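Heads up: the structure comes next, in structure tokens.
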Amino acid sequence: MNTTTRFVVMVFTYALALRLLVVFGALPKFHSDVDLDSYRSLARNLAAGSGFIAPTPDGRELPSVARTPTYPLFLAALIRFGGDRLDLFLAAQCLLGALTAALTAALATRWFRPHVSLLAGLLVAVDPNSVLRCADLRTETLFTLLLLSGVCLVASPSAKKPNWLAAGILWSVAALARPIAIWIWLVPIIVIGVARVSWRDKAVAVALFLIGFCPLLGIWIARNHSLTGRCFVSTISTYNLLMYRAAGIEAELHHRQLDDVQRDFLARYGDIQFVDDQSHFQQSLADYQHAALDTIRSSPFILAKQTAIGWGKLLLGPGTRALEYSLAESKPVSKFWPPLYSLVLLTIAAFAVVGARRLGRDSILLVLLVLYFVVLAGGPESNSRFRVPVTPMLAVLAVVGTCGVEKKP
């Protein structure tokens, strides 16, 4: 085993041990049947061969068009392997989180000797938000591993052509875990466009990436079209546009709680997360879009302010409510560690900016991915959960900002 591999294995082992310790220490305090965002219900039905359906708020089981298939299929595979057990799901997520920390260290070896790249992996390994999200039965941990795997494949300017094809496949699976990534194909196009290679090589790399990226998304879009008569990957962006962006504006304008405004909107415009009747769904979708855009256009300054606050929550939020919906009984949070953790996050972000300047053109992939998720995830719905995918990139850039770039022999 060479030195690089040994350090990567060390990071993986430490990250896995820490996550298992924290997650299984908290497990007895969890609800016995955690089912956040219907992912577990979808997985149960998939494992039983009943299709991509889940219970609606009124108790019916209908096809979901808000959730996408990657994470439910992951849980369904675990159910078929070891049963519908929360401890099994969380153990698997601890494994995914540890692999992410190890891949961060592996990515950093592009710029550092192994003993320095170890620091980047350890930043992810010990990051409290990344650790706690392994206990959150939602997509972030799996999504981050898929995203980072693609980054590792194409981070080098001399990335081989098959790497772009493989990255396209990985990122399409990632986009079907978190639909926010459906526009991520713009990032590699920009990266390839500024690379110092021939135009022919650029065209081949873009074509291979898109060949890998588009087919799975196309299949899912076709599935949704057959159910609704409309082409889309997920309704979650439209749902969030009304239920968070527009509702956030309404709540501030009329001094109301966001939850109250959301209930009013749901009663008025229906629910576009499931589909029963095609014509009724299309009308509800149109109503969501019109109502959201009318509200947003009426108060652009409130929207801008709430978006900026959302960026701050994403980058600096301590994640004190990370397990709020999983725990059977919440406990008061310490008054001391959240501001300290936010200060550490601010320091890491500052060093990441320095690191991006030092790397110059070499930083473009990491910087664009950070900006992509931060910009798109701003607003009232934003929180520390959305920082998980960009934490590995910030960790690598922060180490560059702290240590500089070592010229390897």
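Points worth noting:
- Matching residues, region 35-51, being surrounded by 14 or more Cβ atoms within 10 Å (Cβ to Cβ) and of a type outside the set (Ser, Thr, Tyr): 35, 37, 40, 42, 43, 44, 45, 46, 47
- Residue count, region 151-200 (criterion: of a type in the set (S, T, N, Q), without any contact (Cβ under 8 Å) to a residue 40 or more places away in the chain and in a helix (DSSP H, G or I)): 1
Residue-wise test of (1) in contact with a Ser or Thr (Cβ under 9 Å, 6 or more places away or on another chain); (2) surrounded by fewer than 20 Cβ atoms within 10 Å (Cβ to Cβ); (3) of a type in the set (Gly, Ala, Ser).
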position	(1), (2), (3)
214	yes, yes, no
227	no, yes, no
241	no, no, no
247	yes, no, yes
252	yes, yes, no
255	no, yes, no
261	no, no, no
267	no, yes, yes
272	yes, no, no
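- Members of region 51-107 that are charged (D, E, K, R) and in contact (Cβ under 8 Å) with a residue 24 or more places away in the chain: 60, 67, 80, 84, 87
- The single residue among 66, 91, 54, 77 that is under 24 Å from the mean Cα position of the chain (by Cα) and surrounded by fewer than 19 Cβ atoms within 10 Å (Cβ to Cβ) turns out to be 77.
- If you go through region 313-342 and keep only what is in contact with a Gly (Cβ under 9 Å, 6 or more places away or on another chain) and either more than 21 Å from residue 139 (Cβ to Cβ) or exposed (fewer than 11 other Cβ atoms within 10 Å of the Cβ) (or both), you end up with 338, 341, 342.
- Evaluation of residue 100 against the conditions (1) β-branched (Val, Ile, Thr); (2) more than 22 Å from the chain's Cα centre (by Cα); (3) under 20 Å from residue 133 (Cβ atoms) shows that the sole unmet condition is (2).
Rule-based calculations on the coordinates, nothing more; no lab input. For clarity, every value in this text was computed on a predicted model and none was experimentally measured. Here the Cβ is made from the backbone with ideal geometry for all residues, glycine too, and neighbour counts use every protein chain on show.
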